[in-house]
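**Student:** Before we start, here is the structure in question, set down as structure tokens.
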Amino acid sequence: MRDACRDTATSTVTEPPTVSVVVPMLNEEANVDALYERICTSLAQERFELVLVDDGSTDRTPELLAELAATDERVKVLELSRRFGHQPALTAGLDHARGAAVVMLDGDLQDPPELIPTMLERWRAGAEVVYAVRSEREGESRAKLVTADLFYRIITRLAQIELPRDAGDFRLLDRRALDALLAMRERNRYLRGMTVWVGYTQAAVPYKRAARAGGRTKFSPGRMLRFSVDAIASFSHAPLQLATLVGLACAALALALAPLTVLARLSGIYERGVPTLLGAILLLGGLQLMTLGVIGEYVGRIYDEVKQRPLYLVRRTRNVEAADEEPVREVSS
């Protein structure tokens with residue numbers, strides 16, 4: 001199949017591609033060949049490039065990506081200096097994409113490359129951002145589905161943007177929308193929210209999400225929780241406002257209880273209660289710590305931003321021209 005894919009490559013690889021497909025990869029050796037073949041087959045009628053970003057893989061993924069780049073000039077490979085995470089790795093690929101339209105795709109093949117031609121049709125019809133919406137989700141546990149549904153309910157209520165429900169990172173961006181997205185260099189990135197924030201004409205394409213083709217998921221419950229916190233903190237001040245409201249509620253409760261205490265003393269029914277006192281202290285102490293924690297989350301993000309460290313570092317590139325590296329503004333070798 002690799003040979004068949006290479007046969008579809010034209011001699012015009014130096015021309016800007018119509019579409020760039022950006023795929024972050026982390027220990028995806030089981031899916032590299034299938035991903036390449038399905039993208040080639042799906043985009044056989046298009047002038048495209050495939051930008052693969054190795055996010056510090058420890059298996060044979062870097063070797064397989066190097067083999068693809070050596071046999072097909074349409075395959076661009078970025079090897080990051082270490083593991084930076086899914087969103088920075090995806091940003092690295094977007095920085096190097098040259099296409100008039102750019103598609104973000106995960107390497108686990110749960111999101112079908114066969115949907116890209118449909119997304120391109122919507123783009124050619126005038127949409128500047130086309131996002132894929134999961135109508136069905138195979139191979140995911142009940143707990144994953146419930147927590148995902150809960151997350152979208154929370155983010156919909158709290159966020160300052162209208163985030164499409166059941167839409168992940170699988171989406172197409174017009175060059176103008178992509179340039180606007182890349183102008184935002186914040187470190188705690190939530191790209192599916194950022195692509196909504198930039199605006200422009202947006203359209204949805206439904207699809208059935210398949211089970212993972214091979215390998216294991218890289219998103220542990222802890223990472224998913226952190227990702228959710230990043231999403232909420234990036235697009236909402238509601239947690240800070242909630243902390244303020246909780247503080248006001250506690251103060252109001254304390255003021256309301258003061259007259260009752262006086263009345264209880266005058267009526268002779270007052271008794272010193274150590275458990276009550278301890279409960280009040282623990283309650284107020286817990287609320288204070290919770291409030292400090294919420295503030296700390298935002299302060300920590302401010303600290304990360306003011307350090308102005310690069311989002312990622314590139315250790316090696318393959319089939320990436322020097323001119324393509326100029327807009328990246330990151331350290332590479």
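**Student:** When Ala69 is evaluated against the numbered criteria (1) outside any loop (DSSP other than H, G, I, E, B); (2) in contact with a Pro (Cβ under 7 Å, 6 or more places away or on another chain), which criterion, by number, is the only one it fails?
**Tutor:** All conditions are met except number (2).
**Student:** Please give the number of the condition Tyr200 fails out of (1) at pLDDT 80 or above; (2) assigned to a strand (DSSP E or B).
**Tutor:** Here Tyr200 meets the rest and fails (2).
**Student:** Now, a different point. From the residues in region 62-102 that are acidic (Asp, Glu) and crowded, with 19+ Cβ neighbours inside 10 Å, which one is nearest to the chain's Cα centre (by Cα)?
**Tutor:** Filtering region 62-102 for residues that are acidic (Asp, Glu) and crowded, with 19+ Cβ neighbours inside 10 Å, the one nearest to the chain's Cα centre (by Cα) comes out as Asp95.
**Student:** Inside region 73-109, can you point out the residues that are assigned to a loop (DSSP other than H, G, I, E, B) and over 28 Å from Arg134 (Cβ atoms)?
**Tutor:** Glu73, Arg74, Ser81, Arg82, Arg98
**Student:** Would you mind stating whether Thr41 is in the same structural domain as Val102 (by TED's automatic domain parsing) and either of a type in the set (Gly, Ala, Ser) or crowded, with 19+ Cβ neighbours inside 10 Å (or both)?
**Tutor:** no
**Student:** Would you mind stating whether Arg47 is over 19 Å from Asn188 (Cβ atoms) and in contact (Cβ under 8 Å) with a residue 24 or more places away in the chain?
**Tutor:** Against the criterion (over 19 Å from Asn188 (Cβ atoms) and in contact (Cβ under 8 Å) with a residue 24 or more places away in the chain), Arg47 qualifies.
**Student:** Going residue by residue through region 45-61, is there one that turns out to be aliphatic (A, V, I, L, M) and surrounded by fewer than 18 Cβ atoms within 10 Å (Cβ to Cβ)?
**Tutor:** no
The values are calculated or read from the model by the stated rules, or taken from the named source; none is laboratory data. All values derive from a computational prediction rather than experimental measurement. Ideal geometry is used to build each Cβ from the backbone, glycine not excepted, and the neighbour counts take in all protein chains shown.
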